[in-house]
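Everything on this sheet refers to the single structure shown next.
Derivation of every value follows stated rules applied to the coordinates shown; laboratory data play no part. Note that the structure is a prediction, hence the values are computed from the model and not measured. Positions of Cβ are backbone-derived with ideal geometry, glycine not excepted, and every protein chain shown enters the neighbour counts.
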Amino acid sequence: MTETNLAVKKLKEKFPNSILEVKTFRNEVTVSIPKKDILEICRFLHSDPDLQYHLLTDLCGLDHFSRTPRFEVVYHLCSIKRNQRLRLKTRVGESESIVSVESVWKVANWYEREAYDLLGISFENHSDLRRIMLWDGYEGHPLRKDFPVEGPDFDKPFVPEV
Amino acid sequence: MTINMGPQHPATHGVLRVVLELDGEIIVKATPHLGHLHRGMEKLAESKTYHQAIPLTDRLDYTNAMGNNLAYVLAVEKLLGIEVPKRAQYIRVMMAELQRIAAHLIWLGTHALDIGAMTLLLYNFREREDILRIFEEVAGGRLTPTYLRIGGLSKDLPEGVEEKIKAFVQAFPDHIKEYETLLTKNVIWMKRTKGVGIFSKEDALSFGVTGPTLRGSGVKYDVRKAFPYSSYEEFDFEIPIGKVGDVYDRYIVRLREMEWSNAIAEQALERLPKGPIIANDPRVTLPPKDDVLGDIASLIRQFKIVSEGFYPPKGEVFASVEASKGELGFYLVSDGSNRPYRFRIRTPSFANLSALSKMIEGSLIADVIAVIGSIDIVLGEVDR
């Protein structure tokens, strides 16, 4: 049934060994891929004349805490020409890193910085991997599931050095 | 020379800090620093039930609360697979479009003020006040109405408010003409905005820019047309686009957009269907108050929904709307419990702001203000 989706069909032809799983939930197609192929697949989806996923709507991380590999990076792509969305997912372990897709979509720079800041996922070949929301020197990654909502230091206020 | 602009600077529209490296008056490098308004909303929402997260969304882009509500409830409804009654859909559209006008009015007033045209702000806030009065009457709140509910609306339109909305939509096109008289052919305005902050189509797409900033660069992408939600396919409207992609084009695009928003609100009001304003889904929506007071089963249902919420199926959804700044999307991951496992907010201002450095590098320092104004950021949704 999912083969009716052109992007999935083309991906299966081009990368037969890299499509781990294709899921459809509420008419949204999710393709799981191994992390080593992320850059190549993104380049293909961006440049293929029939697909043209020119817009990276969103990139975010997911923490699965007790599972290994621990993290998932989720890419929401949008093709303006075909009015189609596609979700890519790839798994990243706690001590691993994943290749940046900044060379395909420049906005990935900030999204990846955010995932690095709030979840601690590191990206290879990123031009400027710094914290974006929190200040330099902050310890911990708040969006991780083992980080308490009220903060680890809510009873001892922290004053950054000026 | 290095200049630090912000975080407390009236023209950054909030708490944005930009470090500018200059060569004379030319900007060599601009580095934005965010996070001064970071409230950890995504983390916070993971510890709340689905209903409890609605008021949080009001506080994202605080000039566009109705639009934010709409994006969030659409995501939850998609997750649950609920169909919303037509009347609720139409009222949602009407409110979202009025809110878009109000948000654009703030943008126009402050943007013009930044560049030096002060009068306009007073006119804009006059009309915005009319819209906020309507919201106050409808929802009880002005800036943060929290009017929408999962499955519909919190309450129906009160008596007499339809006449007020009608009076507003009929008068508003003349007000736009007033604004245009002050700016559109104004020589100073054109000199400050034409050819400034030019942004090409390719760059705009690569930087993930959406909304009027993308359309100003000539890309015809509007979520209302591309992925219609809440019955937008039943309304007649066009998507205005720019040609050059400079500050002036974005100004024109937003002005035309206000006219179309006004037209959509008028259509919604004219064709407003009768019927219920919230879906009757025992899992999610509260029972009618009379039943709660007279029937034990309804009382239990109300108590269960208020105290523990509901349990959507396992899965993940992404739903987005065309908010006043661009595409606002919610990515919800449910693990089957009564709280979202992951609550990701894709805000338009965040992506739009990432393009700022590209837009201003190589231009004059005086143009920074014009460009920041023209991409229309709200730090509440950049930092979340």
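Taking only Cα atoms and a 10 Å spring cutoff, compute GNM fluctuations for chain B and point out the largest among B:Val371, B:Val306, B:Val196.
Comparing B:Val371, B:Val306, B:Val196 in a Gaussian network model of chain B, the most mobile one is B:Val306.
Please identify, among A:Glu72, A:Glu112, A:Glu150, the residue showing maximal mean-square fluctuation in a Gaussian network model of chain A using a 10 angstrom Cα cutoff.
Of A:Glu72, A:Glu112, A:Glu150, the Gaussian network model singles out A:Glu150 as fluctuating most.
Tell me, what ³J(HN,Hα) does each residue in segment A:140-146 have, in order and in whole Hz, if you take phi through Karplus 6.51 cos²θ - 1.76 cosθ + 1.60 with θ = phi - 60° and put x for Gly and Pro?
Calculated HN-Hα couplings, in order: x, 10, x, 7, 5, 5, 8 Hz.
Antiparallel versus total DSSP beta bridges in the protein assembly as shown: what percent is that, nearest 5? Working shown, then result.
Working: 51 of 57 bridges.
Close to 90 percent.
Using DSSP to call loops (not H, G, I, E or B), can you name the chymotrypsin sites (Phe, Trp or Tyr not before Pro) in segment A:97-149 whose Cβ has at most 14 other Cβ atoms within 10 angstrom? Intermediate values should be presented prior to the final figure.
Values: sites: A:Trp105, A:Trp110, A:Tyr111, A:Tyr116, A:Phe123, A:Trp135, A:Tyr138; in loops: A:Trp105, A:Trp135, A:Tyr138.
Passing both the DSSP loop test and the Cβ count: A:Trp135, A:Tyr138.
How high is the relative contact order of chain B? Use alpha-carbon pairs under 8 Å, at least six apart in sequence, and give a whole percent.
Values: 739 pairs, mean separation 103.3, N = 384.
It rounds to 27 percent for chain B.
Taking 32 Å as the cut-off for C-alpha to C-alpha distance, list the pairs among A:Lys36/A:Lys156; B:Lys29/B:Lys201; B:Lys164/B:Lys314; A:Lys81/A:Lys145; A:Lys145/B:Lys358 that go past it.
Values: A:Lys36/A:Lys156 42 Å; B:Lys29/B:Lys201 22 Å; B:Lys164/B:Lys314 43 Å; A:Lys81/A:Lys145 38 Å; A:Lys145/B:Lys358 35 Å.
Table pairs above 32 Å Cα-Cα are A:Lys36/A:Lys156; B:Lys164/B:Lys314; A:Lys81/A:Lys145; A:Lys145/B:Lys358.
What 222 nm value per residue comes from the helices of chain A, counting each DSSP H run with n ≥ 4 as -39,500 (n - 2.57) and dividing by all residues, nearest 500 deg cm²/dmol?
On the way: 3 runs with 31 residues, N = 162.
Here the helix-only value at 222 nm equals -5500 deg cm²/dmol.
Evaluate the distance, in nm, between pseudo-label points positioned 7 Å from the Cα of A:Arg43 and of B:Glu83 along their respective Cα→Cβ axes.
4.7
In a GNM of chain B with a 10 Å cut-off on Cα contacts, which of B:Ala117, B:Ala265, B:Ala297 has the highest mean-square fluctuation?
The residue with the greatest mean-square fluctuation here is B:Ala297.
Residues with beta-carbon under 15 Å from that of A:Ser100, excluding A:Ser100: net charge, scoring Lys, Arg +1 and Asp, Glu -1? Write down the numbers at each step before the final one.
Numbers: positive: A:Lys35, A:Lys36, A:Arg43, A:Lys106, A:Arg113, A:Arg130; negative: A:Asp37, A:Glu40, A:Glu96, A:Glu102, A:Glu112, A:Glu114, A:Asp117, A:Glu124, A:Asp128.
Net local charge, A:Ser100 excluded: -3.
Test of understanding: ordering B:Lys243, B:Lys220 by Cβ neighbours within 10 Å, fewest first, what list do you get?
Fewest-to-most ranking of B:Lys243, B:Lys220: B:Lys243, B:Lys220.
Let me know the whole percent of all Cα-Cα pairs from segment A:2-105 that are separated by more than 18 Å.
Working: 2404 of 5356 pairs.
When every Cα pair of segment A:2-105 is considered, 45 percent fall beyond 18 Å.
For segment B:148-166 and segment B:323-345, what is the separation of their C-alpha centers, rounded to whole Å?
So the two Cα centres are separated by 25 Å.
Going highest first, how would you order B:173-186, B:99-112 by mean Cβ packing within 10 Å?
Details: B:173-186: 14.0, B:99-112: 25.1.
Sorting B:173-186, B:99-112 by mean packing, highest first, produces B:99-112, B:173-186.
Can you work out ³J(HN,Hα) from phi for every residue in segment A:10-25, in order, using Karplus 6.51 cos²θ - 1.76 cosθ + 1.60 and θ = phi - 60°, giving whole Hz and x for Gly and Pro?
For segment A:10-25, the Karplus-derived couplings read 5, 5, 5, 5, 7, 10, x, 9, 9, 9, 7, 7, 10, 10, 10, 9 Hz, x marking Gly and Pro.
Taking only DSSP H segments of four or more residues, each worth -39500 (n - 2.57), what value at 222 nm results for chain B once the sum is divided by all its residues, to the nearest 500 deg cm²/dmol?
Details: 17 runs with 194 residues, N = 384.
After summing the helix terms and dividing by residue count, I get -15500 deg cm²/dmol.
How far is helix A:38-47 tilted, in degrees, relative to the longest principal axis of the Cα atoms in chain A, given as a value from 0 to 90 rounded to the nearest 10?
Approximately 50 degrees, to the nearest ten.
Mind listing the long-range amide H neighbours of B:Leu22? Cut-off is under 5 Å, sequence gap 5 or more, other chains count too, H placed in the peptide plane at 1.01 Å from N.
B:Thr2, B:Ile3, B:Val28
Estimate the FRET efficiency between B:Ala297 and A:Val149 by the formula 1/(1 + (r/R0)^6), using the beta-carbon distance for r and 35 Å for R0, to the nearest 0.05. Could you put the intermediate results ahead of the total?
On the way: r = 35 Å, r/R0 = 0.99.
With a Förster radius of 35 Å, E is 0.50.
Mind sorting B:Glu77, A:Glu96 by how few other Cβ atoms lie within 10 Å of their own Cβ, fewest first? Working shown, then result.
On the way: B:Glu77 23, A:Glu96 14.
Going from sparsest to densest Cβ surroundings: A:Glu96, B:Glu77.
Peptide A:28-38: average number of partner chain Cβ atoms within 10 Å per residue? Could the numbers behind the result be given before it?
Details: counts 6, 0, 3, 0, 0, 0, 0, 0, 0, 0, 0.
Mean shielding count: 1.
For a quick check: sort A:Leu11, B:Leu272, B:Leu293 by the number of other beta carbons within 10 angstrom, fewest at the front.
Working: A:Leu11 23, B:Leu272 16, B:Leu293 10.
In increasing order of surrounding Cβ atoms, one gets B:Leu293, B:Leu272, A:Leu11.
What percent of all Cα-Cα pairs in segment B:1-67 falls in each 10 Å bin, counting up from 0?
18, 33, 25, 17, 6, 1
Have a look at the DSSP beta bridges in chain A and tell me what percent are antiparallel, nearest 5.
Values: 22 of 28 bridges.
That works out to approximately 80 percent antiparallel.
Report the rotationally averaged projected area of the protein assembly as shown based on its alpha-carbon convex hull, in square nanometres. Provide the component values of the computation, followed by the final result.
On the way: hull surface 105.3 nm².
For the protein assembly as shown, the mean projected area of the Cα convex hull comes to 26.3 nm².
Could you work out, residue by residue across B:312-325, how many beta carbons of other chains sit within 10 Å of that residue's beta carbon, and then give the average as an integer? Please list the in-between numbers first.
Values: counts 0, 2, 1, 5, 9, 5, 10, 2, 5, 0, 0, 0, 0, 0.
For peptide B:312-325, the averaged partner shielding equals 3.
In peptide A:103-112, what is the residue-averaged number of other protein chain Cβ atoms found within 10 Å of each Cβ?
5
Taking θ as phi - 60°, what are the ³J(HN,Hα) couplings along segment A:95-110 by the Karplus curve (6.51, -1.76, 1.60), each to the nearest whole Hz, with x for Gly and Pro?
Coupling constants for segment A:95-110: 9, 9, 9, 10, 6, 6, 9, 4, 6, 8, 10, 5, 5, 4, 3, 6 Hz.
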